[in-house]
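The values are calculated or read from the model by the stated rules, or taken from the named source; none is laboratory data. These numbers come from a predicted model, not from an experiment. Cβ coordinates were reconstructed from backbone atoms using ideal geometry, including for glycine residues, and neighbour counts include every protein chain displayed.
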Amino acid sequence: MELSGAEILVQSLKDEGVEYIFGYPGGAVLHIYDALFKQEDVKHILVRHEQGATHAADGYARSTGKPGVVLVTSGPGATNAVTGIATAYMDSIPMVVITGQVPLPVIGSDAFQECDTIGITRPCVKHNFLVKDVHKLAETIKKAFYIATTGRPGPVVVDVPKDVTDPNIKIPYEYPSSVSIRSYNPNVKGHRWQIKKAVDLLLSAKRPMIYSGGGVILGNASEQLREITRMLGFPITNTLMGLGAYPATDRQFLGMLGMHGTYEANMAMHECDVLFAVGARFDDRVTGRLAQFCPHAKIVHIDIDPASISKTVRVDIPIVGEVAQVLDDMIEMLRNSDKRPDEAALSAWWERIARWQSLDCLRYDRSSPLIKPQYVIEQLYEVTKGDAFVTSDVGQHQMWTAQFYKFDKPRRWINSGGLGTMGFGLPAAIGVKLAHPDADVACVTGEASIQMCIQELATALQYRTPIKIVNLNNGYMGMVRQWQEFTYESRYSHSYLETIPDFVKLAEAYGHIGMRIENPADVRPALEEAFRLKDRTVFLNFMTDPTENVYPMIEAGKAHHEMRLAPGMTVERELA
Amino acid sequence: MRHIISILMENESGALSRVAGLFSARGYNIESLTVAPTEDASLSRMTLVTTGSDEIIEQITKQLNKLIDVVKLIDISESSHIERELMMVKVRAVDQAREEIIRLTDIFRGKIIDVTPVSYVIEVTGEKSKLDAFLQTLDRDAIIEVVRSGTTGILRGDRGLHV
Ligand SMILES: Cc1cc2nc3c(=O)[nH]c(=O)nc-3n(C[C@H](O)[C@H](O)[C@H](O)COP(=O)(O)OP(=O)(O)OC[C@H]3O[C@@H](n4cnc5c(N)ncnc54)[C@H](O)[C@@H]3O)c2cc1C
Ligand SMILES: Cc1ncc(C[n+]2csc(CCOP(=O)(O)OP(=O)(O)O)c2C)c(N)n1
Ligand SMILES: [Mg+2]
């Protein structure tokens, strides 16, 4: 088969099994767009801003586990994509981003729409390639998918100069069935001796704690995590990125940990004697003050990336490996071991935990005449029977969703944790809905965040991706306002948006349905109605209490046991 | 602590900037960095001298290993090794100073490789500390220019860094 570079690119995507490509055309990629036009297997989703393309591909990837694919033009197309690439990079999301580039002979001459895409993206990709020869194109695409999806996943950029896609130069095409890269061997199998030591340590624990993260979702190891947690009978917490990896409604689950985690999860971290970290990277939002992190604990850490191990917190038993495999090995060792967890110690530990739980740290005022944001999320949970895919933007609404929507399954909670990218939620929801057309998809957002990629409402109409936008409209950049209240004596410097658009009209202008909800009593009926409208995108503009804060909170420089609780909530001596 | 990290990497145009970018992005120190082709045309060898606590050096080697273009690396300062740096110094050399400079150069087993009526260029090789010492002995005001290659190194014995 003789194909041009542009055709090779498209055919490679087909051979890679790509369903959707999220993109936006421009001069440098016109040959590729022409090749896309002539086929129907790879469906192109035209976004309204390249940032939207990357987030939509990212949502697709997070909800399916398959790589997201993006196509943008050179120069401004590529720079607009950078935020989304960095977002995927920070959360280790597999993505392949094809960027057009000016023709090879003019690279470096400040040509029209030229930018150094390789240089600009280098710090926020797992790897990137500049394709200098059409003969290397298919192989490079293969490598890009291989690198993006193996080991610790991440985005890979393939920069393709326009002349490499010249429709008049045809060469024989064959898509490689496999690749090997001598300098890249994603380590998979954990060291057996280390695993054995870890199992022994876990079995000797008196006050154990499991701290699991996004790696369990990325590595499709939720079943193993559930199994081992059940076998051990230990309490478990998830990071923001790990929510859903362990069922939130299970009694061993203590909720999220970290800055806005639960009191019980953070206290258990502080008091534990053995910490079992699984696919989590000891982020600063999670650890609090490092010097006081888990001061009594010996730590086991499973991670596929050696660089995640002992990066900020030194661990006692590191295990480098694919989490599913390591947990399988551990489960097998536990089955064959004649030792059992220390039941007496565990039940004393669970009693202490129950006392922390009795504080009911997420409690909020249910008698307020204003809509409480927490209440909206609780109702969203009930109306969707806990089974929706929920994307979010960044801010207070994100934290309330993490606290109040009890995710029982992996890949249902789609949010930007590492980079914290406002604007992520809406395009991500479009990507999720394309991948799961029959599922309920909600985007929880704030009036500030939603305006960062609002133009994607048009994309949602064009591709009939009916999603429900749950806007917790508090009239503030709530998360910023909260910090200003706590640490800047309520000087609300530029955290108030004075000209918030009429979201109902805005939704209607984009061809969707808008609803404005002002009374707590209308929250549930509005949600029910919105989800009944199966084939429509509905923008639910909830006017929420503008002064509500996210509690509890570990403030900057504080440790796990020094949480700031909601006003009026106190810890009795015997709890602590 | 000072560490010398030897890296074999793909001889690709972007490889050097990936390493340099990693160091600046993560705030690691670079004392010196040298890179040149090897006997295998597909590989280049880089020698990187850096300083940091054990934890930082551990992160540096892990992060370098993560770069797709890095094929193999070794911290040669952890084993018995030889390190060398090449230095060329241009000095003002007139009158009695000419004799004195030749004497010093001999002591340091250097060579004078360029001569004019008023100047010498001296070549010295050795460990960094030896080159530093040589510069110390020269009259500061006589030095016109100093050019150093940065450190390279190799393990002692029959062990080598190969793919
Ligand atoms: C406003 C805001 C507030 C936040 N507050 C909190 C908070 O209160 N609590 C909280 O937890 N987070 C919070 N975050 C998120 C935080 O910034 C981090 O993104 C998050 O804690 C990181 O989660 P993680 O440790 O699970 O790591 P991830 O970023 O999910 O990384 C996954 C880890 O698993 C490893 N891994 C990947 N694949 C595999 C595999 N197959 N096998 C083994 N290992 C694998 C990776 O190498 C990596 O080390 C907040 C973010 C924002 C924006
Ligand atoms: C692109 C971007 N810019 C700035 C920030 C900093 N930031 C974090 S939360 C936030 C406010 C978000 O406001 P809103 O979307 O209304 O959510 P709320 O906190 O009110 O729920 C800001 C500005 C960010 N995370 N992302
Ligand atoms: Mg807001």
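Okay, residues lined up against (1) of a type in the set (Gly, Ala, Ser); (2) within 14 Å of chain B (Cβ to nearest Cβ):
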| site | (1), (2) |
| --- | --- |
| A:Asp305 | no, yes |
| A:Gln325 | no, no |
| A:Asp328 | no, no |
| A:Ala348 | yes, no |
| A:Cys361 | no, no |
| A:Lys372 | no, no |
| A:Lys385 | no, no |
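Only one of these is in contact (Cβ under 8 Å) with a residue 60 or more places away in the chain and under 21 Å from A:Ile467 (Cβ atoms): A:Glu528, A:Glu508. Name it. Step through it out loud before you land on a result.
Details: A:Glu508 fails: in contact (Cβ under 8 Å) with a residue 60 or more places away in the chain.
Only one candidate qualifies: A:Glu528.
Per-residue answers, yes or no, for (1) within 21 Å of A:Val571 (Cβ to Cβ); (2) away from ligand 2 (no atom under 16 Å from the Cβ):
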residue: A:Ile217; (1), (2): no, yes
residue: A:Glu223; (1), (2): no, yes
residue: A:Phe234; (1), (2): no, yes
residue: A:Leu240; (1), (2): no, no
residue: A:Met256; (1), (2): yes, yes
residue: A:Asp283; (1), (2): no, no
residue: A:Arg289; (1), (2): yes, yes
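Among residues of the range A:447-476 that are under 16 Å from A:Asn415 (Cα atoms), those with a Cβ under 7 angstrom from a residue that is of a type in the set (D, E, K, R) and away from ligand 2 (no atom under 11 Å from the Cβ), sequence gap 6+ or separate chain, pair up as A:Ile467/A:Lys433.
Residue pairs whose Cβ atoms lie under 6 Å apart, separated by 6 or more positions or on different chains, with the first residue in the range B:54-78 and more than 7 Å from every other protein chain (Cβ to nearest Cβ) and the second of a type in the set (D, E, K, R), are B:Leu67/B:Arg18. For the range A:121-138, taking the residues that are part of a helix (DSSP H, G or I) and surrounded by fewer than 16 Cβ atoms within 10 Å (Cβ to Cβ), the one that is nearest to the other protein chains (Cβ to nearest Cβ) is identified as A:Pro123.
The single condition from (1) of a type in the set (Ser, Thr, Tyr); (2) within 16 Å of ligand 1 (Cβ to nearest atom); (3) over 27 Å from the mean Cα position of the chain (by Cα) that A:Tyr488 fails is (2).
Scanning the range A:473-507 for residues that are aliphatic (A, V, I, L, M) and modelled with pLDDT of 95 or more yields A:Met477, A:Met479, A:Val480, A:Ile500, A:Val504, A:Leu506, A:Ala507. For the range A:437-456, a residue qualifies if it is away from ligand 2 (no atom under 16 Å from the Cβ) and either touching a strand residue (DSSP E or B) at 6+ places or on another chain (Cβ under 6 Å) or in a helix (DSSP H, G or I) (or both), and the qualifying residues are A:Ala439, A:Val441. Listed conditions (1) under 12 Å from B:Ile4 (Cβ atoms); (2) within 14 Å of chain A (Cβ to nearest Cβ); (3) not small (Gly, Ala, Ser) are all met by B:Thr34, apart from (2).
Within the range A:151-160, the set of residues being assigned to a strand (DSSP E or B) and within 14 Å of chain B (Cβ to nearest Cβ) comprises A:Pro155, A:Val156, A:Val157, A:Val158, A:Asp159.
Within the range A:76-120, the residues that satisfy the criterion of being within 22 Å of the chain's Cα centre (by Cα), more than 15 Å from A:Glu50 (Cα to Cα) and away from every other protein chain (no Cβ under 14 Å) are A:Asp91, A:Ile93, A:Pro94.
Only residues that are within 13 Å of ligand 2 (Cβ to nearest atom) and among the hydroxyl-bearing types (Ser, Thr, Tyr): list them for the range A:393-425, please. Scanning the range A:393-425 gives A:Thr401, A:Ser416, A:Thr421. A:Cys272 fulfils the conditions (1) surrounded by 24 or more Cβ atoms within 10 Å (Cβ to Cβ); (2) in contact with a helix residue (DSSP H, G or I) (Cβ under 6 Å, 6 or more places away or on another chain) except for a single criterion, (2). Scanning the range A:479-496 for residues that are within 11 Å of ligand 2 (Cβ to nearest atom), free of Cβ contacts under 8 Å to residues at least 40 places away in the same chain and either in contact with a strand residue (DSSP E or B) (Cβ under 9 Å, 6 or more places away or on another chain) or of a type in the set (D, E, K, R) (or both) turns up A:Arg481, A:Ser495, A:Tyr496.
Starting from residues that are more than 14 Å from chain B (Cβ to nearest Cβ) and touching an Asp or Glu at 6+ places or on another chain (Cβ under 9 Å), keep the ones in the range A:309-323 and report whichever is nearest to ligand 3 (Cβ to nearest atom). Selected residue: A:Val323.
Among the residues of the range B:74-102, those that are surrounded by fewer than 21 Cβ atoms within 10 Å (Cβ to Cβ) and either acidic (Asp, Glu) or farther than 25 Å from B:Leu131 by Cβ (or both) comprise B:Asp75, B:Glu78, B:Glu83, B:Asp95, B:Glu99, B:Glu100.
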